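Here the structure is laid out as C-alpha cells; the discussion comes afterwards.
The numbers here are math on the coordinates, done by the rules we state, and not lab data. Just so it is clear, the model here is predicted, and its values are computed rather than measured. Note: ideal-geometry Cβ built from the backbone for every residue, glycine included; neighbour counts use all protein chains shown.
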Amino acid sequence: MGKKGVAVWLSWVLAVGLAVVLGMFVLNWSRGLVTTQKEDLVERADLAELCRDIAFRIDDSCQNTQTLNMNITNNNNLKIDSFIVRIIDIYGLPQLRDANVTLKPGDAKQIKVVKQGIIKHVEIIPAVFSGDKRLACQSRKVTSETVRIC
C-alpha cells in the first residue's frame with residue numbers, strides 16, 4: 001500500500017471517528033433533555049392532581065392602614081399549608097406576601113397580612129407541600145376586586 005492509500009484510509013478513519021464522537025454527544029444531550037422534560041411533566045401532573053382537590057373561599061376581607069384582614073374557609077377535602085397573597089395597590093404597584101397558615105378541610109381562620117398603601121385588588125393562591133416541595137396552585141386562586149376599609 002502506498003502513501004496515497006494510507007492517507008485515504010486515515011482520513012476515512014478520522015471522519016468516521018469524528019462522526020461517532022459527535023453522535024455520542026448528541027445522544028447524551030438528547031437523553032438528558034428528555035429526562036428533564038419527563039420530570040417536568042410528572043411534576044405538573046402531580047400538581048394538577050393535588051390542586052384538583054383544593055378549594056377555599058374568602059368570607060370577608062377588609063383593610064386598615066397596616067394590614068389586610070381576611071376570613072378564609074377551606075371548603076374541600078385537602079389541607080392547605082400556606083397562601084401566597086398578591087396585592088395590587090391603587091397605583092398598580094404589586095406586593096407579594098406569604099401567609100403561613102395551615103387550613104384543614106372545613107376550617108375557617110382569620111388571616112392578617114402586612115401591607116403598604118391602599119389595596120385595590122387581591123389574589124390569594126393556595127399552596128401545599130408534596131414531600132419537601134411547596135407547590136402553588138395557580139389554577140385555584142381566588143380574586144377580590146374590592147377590599148373595604150375596616
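Normalised by 2.2 N^0.38 Å, where N counts its residues, the alpha-carbon radius of gyration of the stretch 23-110 equals 1.66. Computed over the stretch 53-149, the P(r) curve from all C-alpha pair distances, binned at 5 Å from the origin, holds 3, 14, 26, 26, 17, 10, 4, 1 percent per bin. Structure remark: mean-square fluctuation, Gaussian network model of the chain, C-alpha springs under 10 Å; the largest value among Leu47, Leu27, Leu18 belongs to Leu18.
Taking the chain as a whole, each Cys residue has some other Cys C-beta under 4.7 Å from its C-beta. Given springs between every Cα pair under 10 Å in a Gaussian network model of the chain, which of Ala15, Ala99, Ala108 has the largest fluctuation? Checking each option, the largest mean-square fluctuation is seen for Ala15. Given springs between every Cα pair under 10 Å in a Gaussian network model of the chain, which of Ser11, Ser139, Ser82 has the largest fluctuation? The residue with the greatest mean-square fluctuation here is Ser11. Across the stretch 71-86, coupling constants 3J(HN,Hα) worked out from phi with the 6.51/-1.76/1.60 Karplus curve, θ = phi - 60°, read 9, 10, 10, 8, 10, 9, 10, 10, 5, 9, 8, 6, 10, 9, 10, 9 Hz, and Gly and Pro carry x. Compared with the alpha-carbon gap, the fully stretched path from Glu43 to Lys133 is longer by 31.4 nm at 0.36 nm per residue.
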